[in-house]
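Report on the structure given below.
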Amino acid sequence: MTSEFDLGCATCGTSLTRREVAAERLGFGSFDSLEVAECPNCGGRYFPETTLERLGT
C-alpha cells in the first residue's frame, strides 16, 4: 500500500520525510505529538492516514 512517505510533495515534487511535530503547533492540543509527512524543500506538510485516524478518535 502506498503511503504519503512514498509520494513527492504536491507543490515542488521533493521526496517527503517523516517528522514528529508538537500537536499544539498544529492546533491539536489534546495530543503530545503527531506524525506528518513534510517536504524538506518547501515545508509542505501532509497528514498520513494513520495520523488522520488518530485525530478522528
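The values are calculated or read from the model by the stated rules, or taken from the named source; none is laboratory data. Everything numeric here is computed off the predicted structure, so don't read it as measured data. Here the Cβ is made from the backbone with ideal geometry for all residues, glycine too, and neighbour counts use every protein chain on show. Quick note on the areas: whole protein, heavy atoms, side chains included, nothing else; ligands and nucleic acids left out. Shrake-Rupley method; radii C 1.70, N 1.55, O 1.52, S 1.80 Å.
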Subject >> In region 22-40, residue most open to solvent (accessible area, probe 1.4 Å) [restricted to those that are within 16 Å of Gly8 (Cα to Cα) and in a loop (DSSP other than H, G, I, E, B)] >> reply: Pro40
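For region 27-57, give me each residue that is of a type outside the set (A, V, I, L, M, F, W, C) and touching a Pro at 6+ places or on another chain (Cβ under 7 Å).
Residue satisfying the conditions is Glu35 alone.
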Original post:
Does at least one position in region 41-51 carry a residue that is outside any helix (DSSP H, G or I) and of a type in the set (Phe, Trp, Tyr)?
Top reply: yes
